[in-house]
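Inspection log for the structure reproduced underneath, given as structure tokens.
The values are calculated or read from the model by the stated rules, or taken from the named source; none is laboratory data. Values in this document were obtained by computation on a predicted structure and should not be read as measured data. Methodologically, a virtual Cβ is constructed for each residue, glycine included, from the backbone with ideal geometry; neighbour enumeration extends over all protein chains shown.
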């Protein structure tokens with residue numbers, strides 16, 4: 001049976017991309033770490049890494065084993081935390097992934113309450129508008145608009161949400177306000193790159209008619225926070241998640257161009273690896289976020 005310390009080292013090496021860096025983080029010598037990897041490979045009767053003089057990468061067997069190993073160690077760590085829970089304050093690290101605009105704005109503000117409730121928990125934020133890989137990256141929890149296709153993940157709905165076609169008053173004063181959806185074709189529309197490609201078809205319903213409008217503009221970004229910033233600067237019209245811009249709508253910095261429209265729904269989910277046990281600190285965060293987002297519209 002592999003030793004737990006060897007399994008933890010294997011995960012750290014996969015995360016760090018090298019034995020020396022993982023050994024440094026764990027306070028081991030590279031020689032001791034290398035010996036532990038070889039011992040683990042012998043016990044498993046499988047090569048976990050392909051080695052060269054310049055690189056180290058997981059084999060297919062290593063890829064397959066990594067996800068199982070992460071879940072098993074989390075299950076064990078969670079069980080140990082449960083034994084301590086009730087006797088002491090929740091503590092430890094939570095690695096939280098989120099879309100860039102949500103993370104820098106609404107989410108960061110909401111998390112202050114959680115930080116005050118649980119000062120011994122250290123939140124590590126991973127902000128990206130790409131797809132978060134919860135098995136390859138050390139993430140405990142990811143917030144995501146819409147459901148992931150990976151059926152091995154658990155998704156818990158935090159709140160309803162929808163997109164909003166919006167622009168700054170400065171842009172509308174300069175370019176005029178589109179009265180109908182068709183009028184968007186004559187405007188500078190800021191597009192966003194999703195993992196599936198350029199999101200330049202805006203879907204919504206207005207006055208009983210369903211639209212899928214192909215829009216164009218002089219710029220696009222794979223960063224939702226940058227699209228948000230451009231909209232605030234009066235560059236053009238954006239189709240943004242309401243959770244990202246609700247404060248700007250309330251303050252009048254952005255204007256909902258079609259307030260009676262039935263916009264595209266993009267509910268917010270908390271996504272985490274499928275497992276029977278969830279660490280108490282992660283469950284506490286999910287419960288907190290569900291309550292916090294329920295009052296944010």
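Looking at 75, 26, 107 in this structure, which one is within 29 Å of residue 282 (Cα to Cα) and touching a strand residue (DSSP E or B) at 6+ places or on another chain (Cβ under 7 Å)?
107
Would you confirm whether any residue within the range 253-268 is without any contact (Cβ under 8 Å) to a residue 40 or more places away in the chain and within 20 Å of the chain's Cα centre (by Cα)?
Within the range 253-268, none of the residues are without any contact (Cβ under 8 Å) to a residue 40 or more places away in the chain and within 20 Å of the chain's Cα centre (by Cα).
Examine the range 179-186 for a residue that is at pLDDT 95 or above and in contact with a helix residue (DSSP H, G or I) (Cβ under 9 Å, 6 or more places away or on another chain), and state whether such a residue exists.
yes
Report, by residue number, each residue of the range 277-291 that is at pLDDT 85 or above and closer than 17 Å to residue 97 by Cα.
Matches in the range 277-291: 281, 282, 283, 284, 285, 286, 287, 288, 289, 290.
Would it be correct to say that residue 7 is assigned to a helix (DSSP H, G or I) and within 30 Å of residue 282 (Cα to Cα)?
Yes; evaluated as a whole, the condition is true for this residue.
Being more than 22 Å from the chain's Cα centre (by Cα), surrounded by 15 or more Cβ atoms within 10 Å (Cβ to Cβ) and either part of a strand (DSSP E or B) or free of Cβ contacts under 8 Å to residues at least 60 places away in the same chain (or both), is that true of even one residue in the range 98-119?
Within the range 98-119, none of the residues are more than 22 Å from the chain's Cα centre (by Cα), surrounded by 15 or more Cβ atoms within 10 Å (Cβ to Cβ) and either part of a strand (DSSP E or B) or free of Cβ contacts under 8 Å to residues at least 60 places away in the same chain (or both).
For residues in the range 242-276 being within 12 Å of residue 140 (Cα to Cα) and in a loop (DSSP other than H, G, I, E, B), which is modelled with the highest pLDDT?
If we take residues in the range 242-276 being within 12 Å of residue 140 (Cα to Cα) and in a loop (DSSP other than H, G, I, E, B), then 274 is modelled with the highest pLDDT.
Taking the range 211-227, which residues are closer than 23 Å to residue 147 by Cα and touching a helix residue (DSSP H, G or I) at 6+ places or on another chain (Cβ under 8 Å)?
The answer is 211, 221, 223, 224, 225, 227.
A quick yes/no check of all residues on (1) touching a residue at least 60 places away in the same chain (Cβ under 8 Å); (2) within 32 Å of the chain's Cα centre (by Cα):
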residue: 36; (1), (2): no, no
residue: 42; (1), (2): no, no
residue: 49; (1), (2): no, yes
residue: 56; (1), (2): no, yes
residue: 59; (1), (2): no, yes
residue: 64; (1), (2): no, yes
residue: 71; (1), (2): yes, yes
residue: 74; (1), (2): yes, yes
residue: 77; (1), (2): yes, yes
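For the range 189-210, name all the residues that are buried (at least 17 other Cβ atoms within 10 Å of the Cβ) and either touching a helix residue (DSSP H, G or I) at 6+ places or on another chain (Cβ under 6 Å) or part of a loop (DSSP other than H, G, I, E, B) (or both).
The answer is 190, 192.
Tally up the residues in the range 162-188 that are over 16 Å from residue 227 (Cβ atoms) and either outside any loop (DSSP other than H, G, I, E, B) or in the same structural domain as residue 145 (by TED's automatic domain parsing) (or both), please.
12
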